[in-house]
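Student: Structure provided below as structure tokens; questions to follow.
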Amino acid sequence: MYDKILVPVDGSPTSNAGLAEAVRLARLSGGEIRLLHALDLQAFAMMSSAGLGITADNFEQIRAGGKKVLDDASASVSAVGIRVSTQLSESLSSRISDLVTEECKAWGGQVIVLGTHGRRGLSRALLGSDAELIVRYAEVPVLLVRGPKAD
């Protein structure tokens, strides 16, 4: 089945739904999980250059927040006895979807499991869809898990 399961995480309820499904899959397959938190620093750099008060210290806070997301998710996976590793990736020039597909290929991942909001229409067009791009460009199967419904 799947020995190497890549799971992008950001700490949101949607991401946590994807992680829960990946844990179920790892239990069934005896696989290991690689947690990935991807930072698109370009968006923050643009806010900084626009004079919106983003400083070098903010970048360190963003990285520390990413590390905490990984640590928390890793602890929950380890607690159920599944092998887990983490990767914090960042880029000033790549989209989140590129970081995910590149990490999957570099690690030898066999499936990507991620939560999705399932947005449609204008909200999807305005916010973009990293999940859609991952599905489009990944060289391995991608399991999309619908996050909790928004109230």
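The values are calculated or read from the model by the stated rules, or taken from the named source; none is laboratory data. Source: prediction; values computed, not measured. FYI the Cβ positions are ideal-geometry reconstructions off the backbone, even for glycines, and counts take in every protein chain you see.
Student: Kindly provide the set of residues from region 83-121 that are among the hydrophobic types (A, V, I, L, M, F, W, C) and either at pLDDT 90 or above or in a helix (DSSP H, G or I) (or both), ordered by number.
Tutor: Within region 83-121, VAL84, LEU88, ILE96, LEU99, VAL100, CYS104, ALA106, TRP107, VAL111, ILE112, VAL113, LEU114 meet the criteria.
Student: So which residues in region 24-39 are surrounded by fewer than 23 Cβ atoms within 10 Å (Cβ to Cβ) and more than 12 Å from the chain's Cα centre (by Cα)?
Tutor: Scanning region 24-39 gives ARG24, LEU25, ARG27, LEU28, SER29, GLY30, GLY31, GLU32.
Student: Report yes if some residue within region 47-70 is under 23 Å from LEU144 (Cβ atoms), outside any strand (DSSP E or B) and either modelled with pLDDT under 90 or of a type in the set (A, V, I, L, M, F, W, C) (or both); otherwise report no.
Tutor: Yes, the conditions are met somewhere in region 47-70.
Student: Looking for something among the aliphatic types (A, V, I, L, M), at pLDDT 95 or above and more than 14 Å from the chain's Cα centre (by Cα) - is there at least one such residue anywhere in region 2-23?
Tutor: yes
Student: Moving on to the next point. Considering each residue of region 24-46, count those that are in a strand (DSSP E or B) and modelled with pLDDT under 95, and give that number.
Tutor: Residues in region 24-46 being in a strand (DSSP E or B) and modelled with pLDDT under 95: 3 in total.
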